[in-house]
Amino acid sequence: MIPEHLIIEVFREIMTTPIISIVGKSNSGKTTLVATIKHNIHGFDMDHEGKDSWRHKKAGARTTVISSAHRVALIEDLDHDHSLDEIRGKYIKGADIILSEGYKGNPFPKIEVFRSELKRELLCKKEDNLLAIASDIIIDIGVPCFNIGDAQGIVDLIENKFLK
């Protein structure tokens, strides 16, 4: 008989939205490939001085939600840098797949964007859960290497591996 905790763990893994991170050195072209969750270790500010949402935060609100007929944005004070797992569990609902930009140290599959003109080393190895490389040159390290302009090839790989 299979222990109940193993059944729950397998079910949770089957039911969670897969995450793939697009990684690469600065200016390699990650954002032009794709980005849906952007990691910024330096922090960011969406509120602008004088706006109501800015006043709410200044008055002590821990969380501010800005909502319109077409969009919702949430600004929340955090006590730590959230992992992709935490972000997925807390904020993302009803998605078939999550593509993140950055998060090179996470355990999820990664596609590295590499441009030879930058004269830098690859960030990831196959052992880092590297799924593929998108590059302007052919790189053979045991994972598929796509031309950086071959969006369809990359989409096909993701679709076949995670969505079928």
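The values are calculated or read from the model by the stated rules, or taken from the named source; none is laboratory data. The structure displayed is predicted, hence computed values, not measured ones. No Cβ is skipped: glycine too gets one built from the backbone with ideal geometry, and neighbour counts run over all protein chains shown. Surface accessibility is based on the protein's heavy atoms, side chains included, excluding ligands, DNA and RNA. Shrake-Rupley method; radii C 1.70, N 1.55, O 1.52, S 1.80 Å.
All conditions but one from (1) of a type in the set (K, R); (2) assigned to a loop (DSSP other than H, G, I, E, B); (3) more than 30 Å from K57 (Cβ to Cβ) apply to K161; the one that does not is (2). Looking at this structure, is K110 under 20 Å from D85 (Cα atoms), under 17 Å from the mean Cα position of the chain (by Cα), among the basic types (K, R) and open to solvent by 60 Å² or more (accessible area, probe 1.4 Å)? Considered against the rule, which asks whether it is under 20 Å from D85 (Cα atoms), under 17 Å from the mean Cα position of the chain (by Cα), among the basic types (K, R) and open to solvent by 60 Å² or more (accessible area, probe 1.4 Å), K110 comes out as no.
Is it the case that L130 is in contact (Cβ under 8 Å) with a residue 40 or more places away in the chain, open to solvent by less than 60 Å² (accessible area, probe 1.4 Å) and of a type outside the set (G, A, S)? Against the criterion (in contact (Cβ under 8 Å) with a residue 40 or more places away in the chain, open to solvent by less than 60 Å² (accessible area, probe 1.4 Å) and of a type outside the set (G, A, S)), L130 does not qualify. Against the list (1) part of a helix (DSSP H, G or I); (2) basic (K, R); (3) touching a residue at least 12 places away in the same chain (Cβ under 8 Å), the condition R120 fails is (1). Annotation note: of G105, G94, the sole residue that is open to solvent by 40 Å² or more (accessible area, probe 1.4 Å), within 17 Å of I22 (Cβ to Cβ) and modelled with pLDDT under 95 is G105. Taking the stated definitions as given, is V143 among the β-branched types (V, I, T), open to solvent by less than 60 Å² (accessible area, probe 1.4 Å), in contact with a helix residue (DSSP H, G or I) (Cβ under 9 Å, 6 or more places away or on another chain) and part of a loop (DSSP other than H, G, I, E, B)? Considered against the rule, which asks whether it is among the β-branched types (V, I, T), open to solvent by less than 60 Å² (accessible area, probe 1.4 Å), in contact with a helix residue (DSSP H, G or I) (Cβ under 9 Å, 6 or more places away or on another chain) and part of a loop (DSSP other than H, G, I, E, B), V143 comes out as yes.
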